[in-house]
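Following: one structure in structure tokens, then a few remarks.
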Amino acid sequence: PDLPDQDRFHDFALPLPMMRAIQELEYQYCTPIQSQVLPLSLADYDITGQAQTGTGKTAAFLITLLTRFWESPRTEVPEMGKPRALILAPTRELALQIESDSNDLSKYMEESTLCVVGGIDFKKQRDKLLSKPVDILIATPGRLIDFIDRKDIDLRDVEVLVIDEADRMLDMGFIPDVERIVSLLPKIRQTLFFSATLDKSIRKLADSFLMNPKEISVAPSASTADTVIQKLIYTETKQKRELLRALLDKESITNAVIFCNRKRDIGVLHRSLLKHGYDAVELHGDLPQTARTETCLLYTSDAADE
């Protein structure tokens, strides 16, 4: 159906190789955050964006970076460990997802992407980092500091900084590392700052990193997506697992994400679901990174099949 009020990606002067990738990904209409971010970010404005996960902000800032580098290619032979763009993410899973999206969008372009995160073999990441020049570096703060301290990464050529999910950075205690990293960047750069919330502490943080930013908001703070139905059920603790199984069966739920308050509760619930014949996997911070990655890949591939 024709949606005249929505921008299309071909409305923007995007590189033809990237448009080819966008078409293969079956992207046609821009999401609200993309419609607002792209005109401003492509015009080199700093941006403070309030957007929830799943709104399309990752594609918005990746399209900005790739378009910028396509239109202004390097004039000198690139050096190892000197990226043109830096994307900071709070978790390794988010960083790896951004890397995957960047590779998809740059499929027919020469711009290269590399992700460095904790929980993955340092030597293997270092070998990749020093094997070829990198245009877009995606990193979690702690692992990036490791490379900086070893002088494997030089941030003096960074033209664009993206800080994704800044509120989670704050919650996880990464801000001192982020401030140190930002201090090593050129003063003249473009900065794109995204957060699900923009309270006083987040605004103060944004003000320290950005210059006269344009502010964009596509969802009120702590709002729920329109596609989510919320219900509250009261029950006794000892009856929760039985009630959960009844809900899964009654609602004919094929895919579900169940959150628990504690890691040990996840293990108990996981074993209970398996015992009763449900196909379930567990995911929490105490699992080895390899197990977490395998679980995420299994979940996303299963969801795609559905």
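Some notes on this structure:
- Area accessible to solvent at THR235, 1.4 Å probe radius, in Å²: 60 Å²
- Annotation: lysines with alpha-carbon distance below 24 angstrom to LYS82 (same-chain offsets under eight excluded): LYS107, LYS123, LYS124, LYS128, LYS132, LYS151, LYS187.
- For the pair ARG262 and LYS275 in one chain, pulling the backbone fully straight at 0.36 nm per residue adds 2.6 nm over the alpha carbon distance.
- Remark: relative contact order (the chain) = 20 percent; criterion is Cα-Cα distance under 8 angstrom and separation of 6 or more residues.
- Each of ARG74 and GLU110 was given a label point 7 Å from its Cα along the Cα-to-Cβ line. The distance between the two points is 1.0 nm.
- Percentage relative contact order, region 1-126, counting C-alpha pairs under 8 Å, at least six apart: 28 percent
- Helix-derived mean residue ellipticity, 222 nm - over the chain, DSSP H n ≥ 4, -39500 (n - 2.57), to 500: -13000 deg cm²/dmol
- Comparing Cα centroids, region 173-189 and region 7-60 end up 26 angstrom apart.
- Ligands, DNA and RNA left out, the accessible area of the chain computed with a 1.4 Å probe is 51% carbon and sulfur.
- Each peptide in 245-256, 78-89 was scored by the mean count of other Cβ atoms within 10 Å over its residues; highest first, the order is 78-89, 245-256.
- Reach of LYS275 by Cα under 20 Å, taken over lysines that are not fewer than 8 positions away in the same chain: LYS238, LYS240, LYS250, LYS263
- Calculated log₁₀ intensity ratio I(q)/I(0) where the Debye formula runs over C-alpha points of region 57-171, q = 0.15 Å⁻¹: -0.60
- The chain gives an Rg/Rh value of 0.99, both radii derived from C-alpha positions and Rh following Kirkwood.
- For region 1-159, the solvent-accessible area with a 1.4 angstrom probe is 47 square angstrom per residue.
- Under the span-like rule (Cα at least 27 Å along the axis, Kyte-Doolittle mean at least -0.5), DSSP H helices of the chain: none
The values are calculated or read from the model by the stated rules, or taken from the named source; none is laboratory data. Computed from a prediction, not measured in an experiment: that's the story for all the values here. Neighbour counts are summed over all protein chains in view; Cβ atoms, including those assigned to glycine, are modelled from backbone coordinates with ideal geometry. Side chains included, ligands, DNA and RNA excluded: accessible areas come from the protein's heavy atoms. Shrake-Rupley method; radii C 1.70, N 1.55, O 1.52, S 1.80 Å.
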